[in-house]
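See structure below.
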Amino acid sequence: IATLEKEMQETKKKAEIKVGLLEAKATDIDYMTFKLMEKGEIELDDNGKIKGWNDKITSLKTQFPNHFEQIDCHPL
């Protein structure tokens, strides 16, 4: 049972990461997921959201700007 619970937590984390990356307009979800998991412990809060998500996504956008859609602010 403990093994299944651990696997379920990992699945929840990966799903929450992917949703967050999609919302952040990441162009390579799998690679950005790998980079987040590689950096360290990902924890979920009581609401099932990733703790410190805003800091994590800001860091990724700074380190890997080409892996996120660029917003063109120039008027047509």
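Ligands, DNA and RNA left out, the accessible area of the chain computed with a 1.4 Å probe is 53% carbon and sulfur. The calculated FRET efficiency for the pair residue 54 and residue 1, based on their C-beta separation and a Förster distance of 22 Å, comes to about 0.05.
Summing +1 for each Lys or Arg and -1 for each Asp or Glu among the other residues whose beta-carbon sits under 12 angstrom from that of residue 54 gives +2. Accessible area per residue for region 19-69 is 67 Å², calculated with a 1.4 Å probe on protein heavy atoms, without ligands, DNA or RNA.
Here the gap between residue 43 and residue 30, fully extended at 0.36 nm per residue and compared with their Cα-Cα distance, gives a gain of 2.8 nm. Counting only Cα atoms, the size of the chain along its three principal axes is 57, 23, 17 Å, in decreasing order.
The values are calculated or read from the model by the stated rules, or taken from the named source; none is laboratory data. Note that the structure is a prediction, hence the values are computed from the model and not measured. Cβ coordinates were reconstructed from backbone atoms using ideal geometry, including for glycine residues, and neighbour counts include every protein chain displayed. The protein model used for the area step is the full one, side chains on, heavy atoms only, and it has no ligands, DNA or RNA in it. Shrake-Rupley method; radii C 1.70, N 1.55, O 1.52, S 1.80 Å.
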